[in-house]
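Taking it in order: structure first as structure tokens, then the write-up.
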Amino acid sequence: MGKKKPSPWWNQGIRFECQQSGNCCTSRGEYGYVYLTRKDRENLAEFFKMTTSEFTTKYCARTDGFYHLVENGSPECIYLSEKKCTVYEARPTQCRTWPFWPENMSAKKWSGNIQSLCPGVGKGKLHSAEFIGKQIEKQKKADLE
Ligand code: SF4
């Protein structure tokens, strides 16, 4: 019989509600790129009424084989305007799974970097451990694309 996996520290859930700080939409070293899965590019292309290949040529770049939004010299995402996402309905996976990214979920990182970066952490709706687990899995999958 395998050992039972220990419960994560977020076993009782975590409160999070976006406070529209725009911080997670602004490049800070490791949060540098807004990466895009194939589906993300398709959704954004549809949003702009373009083909996926037109969208990709116009708005995407590729680094180490991974697609991401182009940058325009500012640390902010090209779609952030006055702290609001202008493509909200079609925002990419990583914007939907924030802040529950696999690399954010160590207790140390969470209580350090993530809490200080994101004013939504600890506020609003209590997200269950099950929901958080799903977000982590979604993001893990997206990270491979
Ligand atoms: S697409 Fe929208 S939510 Fe995602 S980083 Fe850009 S402005 Fe933020």
Point to revise | Disulfide-incompatible cysteines by the Cβ rule (no partner under 4.7 Å) in the chain | key: 18, 24, 60, 85, 95, 118
Check your understanding: Pairs 83/134; 83/109; 5/83: which exceed 31 Å Cα-Cα?
Key -> 5/83
Study note, to complete from the structure: residue 57 and residue 74 label points (each 7 Å along its Cα→Cβ direction) are spaced in nm at 2.6 nm
Practice item. Between the alpha-carbon centers of region 9-47 and region 66-145, tell me the distance in whole angstrom. Key: 3 Å
Study note, to complete from the structure: The exposure ranking of 40, 64, 143, fewest beta-carbon neighbours within 10 Å first, is 64, 143, 40
Exercise for review: Identify all lysines with a Cα-Cα distance to residue 49 below 16 Å; exclude those on the same chain that are fewer than 8 residues away in sequence.
Suggested key: 39, 58
Exercise for review: Would you mind ranking 55, 66 so that the residue whose beta carbon has the fewest other beta carbons within 10 Å leads the list?
Suggested key: 66, 55
Check your understanding: Based on the alpha-carbon gyration tensor of the chain, what equivalent-ellipsoid semi-axes (square roots of 5 times the eigenvalues) come out, in whole Å, largest first?
Key -> 28, 18, 14
Exercise for review: Above 19 angstrom, tally the Cα pairs of region 1-72 and express them as a % of all pairs, no decimals.
Suggested key: 57 percent
Study note, to complete from the structure: For the chain, longest principal axis from Cα atoms; helix 129-143 axis from its Cα atoms; angle between them, nearest 10 degrees, is 40 degrees
**Study point:** Net charge of neighbours whose Cβ lies under 11 Å from the Cβ of residue 126, counting Lys and Arg as +1 and Asp and Glu as -1
**Key:** +2
Study note, to complete from the structure: Taking R0 as 25 Å and r as the Cβ-Cβ distance between residue 17 and residue 47, the FRET efficiency 1/(1 + (r/R0)^6), rounded to the nearest 0.05, comes to 0.55
Point to revise | Fewest-first ranking of 80, 44, 144, using other Cβ atoms within 10 Å as the exposure measure | key: 144, 80, 44
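Which semi-axis lengths, in whole Å and largest first, follow from the square roots of five times the eigenvalues of the Cα gyration tensor of region 66-145?
22, 16, 13
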Practice item. Run down the aspartates and glutamates and flag those whose C-alpha is under 14 Å from the C-alpha of residue 125, throwing out any fewer than 8 positions away in its chain. Key: 17
Check your understanding: Can you work out D for region 29-69 in µm² s⁻¹ from Stokes-Einstein, where Rh is the Kirkwood radius over C-alpha pairs, the temperature is 20 °C and the viscosity is 1.002 mPa s?
Key -> 208 µm²/s
Review point. Which residues make up the longest stretch of the chain clear of trypsin sites (Lys or Arg not before Pro) that lie in a DSSP loop with no more than 15 other Cβ atoms within 10 Å, not counting the sites?
Key: 84-145
Review point. Taking a ≥ b ≥ c as the square roots of the eigenvalues of the Cα gyration tensor of region 41-91, is the shape rounded (a/c under 1.5), prolate (a/b larger than b/c) or oblate?
Key: oblate
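Every number here is computed from the coordinates shown, using simple stated rules; none is lab data. Quick caveat, the model's predicted, so the values are computed rather than measured. Quick reminder, even Gly has a Cβ in these numbers, built from the backbone with ideal geometry, and neighbours come from all protein chains shown.
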